[in-house]
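Below is one structure; the comments refer to it alone.
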Amino acid sequence: MNRGMSTAHLTIDLDALADNWQALNARTTAETAAVVKADGYGLGAARVAARLARAGARTFFVAAAEEGAAVRKAVGPDPMIGVFSGHMEGDAGILRANRLTPMINSVDQMLRHVEQLPGHRFGVQLDTGMNRLGLEPEDWAQLREIALRQNPALVMSHLACADEPGHDMNRKQLRLFKEMTDGIKAPRSLAATGGILLGPDYHFDLCRPGVGLYGGEPFDEAKAVVTLDLPVIQVRDLAEGETVGYGNSWTAPRACRIATVAAGYADGLHRAMGRGITLFAGKTACPVVGRISMDLITVDVSGLDHEPASLQLLNRLQTVDDLAEAAGTIGYEILTSMGRRYRRSYVSCSASADRAVESIRDKLRRRPDLLPQSLAE
Ligand SMILES: *Cc1c(COP(=O)(O)O)cnc(C)c1O
């Protein structure tokens, strides 16, 4: 593990990532692409894309053309790499050099594209109600014939509420997407992770999962991909009534032992998480006490019979979504704020221990009395 290391250590399990892609792919007869924007949701776009290409992914998506260059190097010449921001001013060179496929968002982008990169492959992004990116129905009506005559690689749209299966917006967007695209020859795409889970009506020819690959909700069956080990800097004994950290926000209810670990909100560990999360020494949960500061977190390790060299913040027992809930945000944001200071390593682990770990996790959920008392308060 992390013995003797002075900086936090992020471990990315590439086999779990590939398993998540396979599991999503198994849910659809459509092609399954992989969204690797924002540096592969914070986990390293090149490594992530290379592993997923090996698992069978043939299409990748990034947010901006610059991101596509690194992905092209990682996956080789064949896969399609789509750019959600489309063809922005100044992008022609990088799109051409890396053979990226802009997802055209507006009439202006379409004009720019045919002027600056005639014959270069492109896709079309339609707005079906999210009002974020894509051609509105009126613009599409204008452009449709011209665009389709050039054989776009993909015609796509994006769902605003796919993580809420019962939401009316899903059916509304599906209906509009069909109205806008029924009968065209080009391949169609509507679903990201949430859309895959909505069922086959939403799958069309290609699905574009992101967060589910990286172990995040709404794909409940996702395997945990990241482990985060934080080195312990110092351990001290406190008497009942002593306080910990800024603002004296935590008072020892009894004599206890506090460990200080080297990571904080400057490393993307939101200050808002504060209480409600734990660090793990093996399978033993140790509650965070006091405020999270810029570079440090304090943890009650009274329940341990040894001084740990490091404690784990993210693992199969506490996922990105658990942290997100504690911080009042979503797993996406936890992943993409993973600190630049972390040392990273990529591993391929056999996933055989999964079921055992899941049963411990289940038990902790059903039997809170098994947790250290300070946690149950
Ligand atoms: C981010 C994004 C995706 C992937 O979404 P997830 O919810 O992470 O699966 C797919 N399509 C578009 C247009 C996106 O912006």
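For the subset of the range 148-179 comprising residues that are under 22 Å from the mean Cα position of the chain (by Cα), within 13 Å of the ligand (Cβ to nearest atom) and part of a loop (DSSP other than H, G, I, E, B), which member is surrounded by the most Cβ atoms within 10 Å (Cβ to Cβ)? Talk me through it step by step, then tell me what you get.
The first filter runs over the range 148-179 and keeps only residues under 22 Å from the mean Cα position of the chain (by Cα), leaving 156-165, 170.
Filter once more, so that each one left must be within 13 Å of the ligand (Cβ to nearest atom): 156-164.
Imposing the further condition that a residue be part of a loop (DSSP other than H, G, I, E, B) reduces the set to 157-164.
Numbers: Ser157: 26, His158: 24, Leu159: 24, Ala160: 17, Cys161: 17, Ala162: 22, Asp163: 19, Glu164: 14.
Here the residue is Ser157.
Identify, please: which residue in the range 26-65 is in a loop (DSSP other than H, G, I, E, B) and under 19 Å from Val226 (Cα atoms) and is, among those, farthest from the ligand (Cβ to nearest atom)?
Among those residues, the one meeting the criterion is Gly44.
List the pairs whose first member sits in the range 53-76 and is outside the structural domain of Asp19 (by TED's automatic domain parsing), whose second member is among the hydroxyl-bearing types (Ser, Thr, Tyr) and surrounded by fewer than 23 Cβ atoms within 10 Å (Cβ to Cβ), and whose Cβ atoms are under 8 Å apart, counting only residues at least 6 apart or on separate chains?
Close Cβ pairs satisfying both conditions: none exist.
Using beta carbons and a limit of 9 Å, which pairs, at least six apart or on different chains, have the first residue in the range 257-286 and under 17 Å from Leu10 (Cβ atoms) and among the charged types (D, E, K, R) and the second one at pLDDT 90 or above and surrounded by fewer than 22 Cβ atoms within 10 Å (Cβ to Cβ)?
Asp267/Met294; Asp267/Asp295; Asp267/Ser337; Asp267/Tyr342
Only one of these is hydrophobic (A, V, I, L, M, F, W, C), within 24 Å of Thr251 (Cα to Cα) and assigned to a strand (DSSP E or B): Leu304, Leu311, Leu323. Name it.
Going through Leu304, Leu311, Leu323 in turn, the sole match is Leu311.
What number goes with the only condition from (1) away from the ligand (no atom under 15 Å from the Cβ); (2) touching a Pro at 6+ places or on another chain (Cβ under 9 Å) that Ala69 does not pass?
(2)
The values are calculated or read from the model by the stated rules, or taken from the named source; none is laboratory data. This structure is a prediction, so every number in the text was calculated from the model and none was measured. Neighbour counts run over all protein chains shown; Cβ positions are idealised from the backbone, glycine included.
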